[in-house]
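Written out below as structure tokens is the structure these notes cover.
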Amino acid sequence: MSEPKIYQYFATTVNLLTSCNDEGKANIMACEWTMNVSFEPLKVMCLVHIDNLTHAYITSTREFGVNLCSDTQASLANFAGDVSGRDVDKLADTCFAGIVYSATRIKPPMISGCLLNVECILEEVLEIGEYTAFVGLSVAIHANPQVQPLFYHRGKYFGLGSHIAKPAP
């Protein structure tokens with residue numbers, strides 16, 4: 001039996017991170033390591049590998065979109081995470097037909113049907129090993145309370161399970 005990949009034991013939400021280059025060429029990637037790091041004002045941090053095309057785009061344009069996947073969007077996340085934007089125009093694929101829309105405050109597009117869409121302006125950059133943490137200040141937000149989040153754990157996608165009552169103190 002092989003050693004478990006310890007990082008897979010963390011359960012994460014799944015995000016579709018959108019970015020574009022200086023000429024407006026857009027890209028999308030699946031990004032598990034995304035979280036809010038400030039409530040007022042809302043700031044979001046995402047970790048992107050330094051060799052990723054998204055890394056180059058965010059570094060250049062200093063803006064990005066965070067699209068928190070709903071539990072019906074596993075196929076989008078899987079596709080966006082399996083191929084490189086250097087080889088394929090991922091947003092031109094039929095799986096994104098009709099769900100890509102123009103952001104209101106940033107150049108990268110956004111994805112409809114998500115639990116949450118956050119348009120971000122890059123505010124801080126932290127180098128962490130082979131990853132860069134991009135901290136973005138939210139400049140526009142759209143929440144969809146009708147959908148549930150998508151989770152990723154040990155290489156598989158999951159939806160929200162049953163509610164667990166808060167234990168009494």
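Just so it is clear, none of the values below were taken in a lab; they were calculated from the coordinates. Since this is a predicted model, take the numbers as computed values, not measurements. Note that we place each Cβ from the backbone using ideal geometry, even for glycine, and neighbour counts take in every protein chain shown.
Only one of (i) 0.97; (ii) 0.92; (iii) 1.03 was calculated from the structure for Rg/Rh (Cα atoms, Kirkwood Rh), and its label is (i).
Please say if the stretch 14-99 is rounded, prolate or oblate, where rounded means a/c under 1.5 for a ≥ b ≥ c the square roots of the C-alpha gyration tensor eigenvalues, and otherwise the choice is prolate for a/b larger than b/c and oblate otherwise?
Oblate shape, in that a/c is at least 1.5 and b/c is the bigger or equal ratio.
Highest mean first, how do 13-23, 132-142 rank when packing is the count of other Cβ atoms within 10 Å averaged over residues?
Highest mean packing first, the order is 13-23, 132-142.
Adding -39500 (n - 2.57) for every DSSP H run of four residues or longer, then dividing by how many residues the chain holds, sets the calculated 222 nm ellipticity at -3000 deg cm²/dmol. The Cα atoms of the stretch 57-113 give a gyration tensor whose axes a ≥ b ≥ c have a/c of 1.5 or more with a/b no greater than b/c, which makes the shape oblate.
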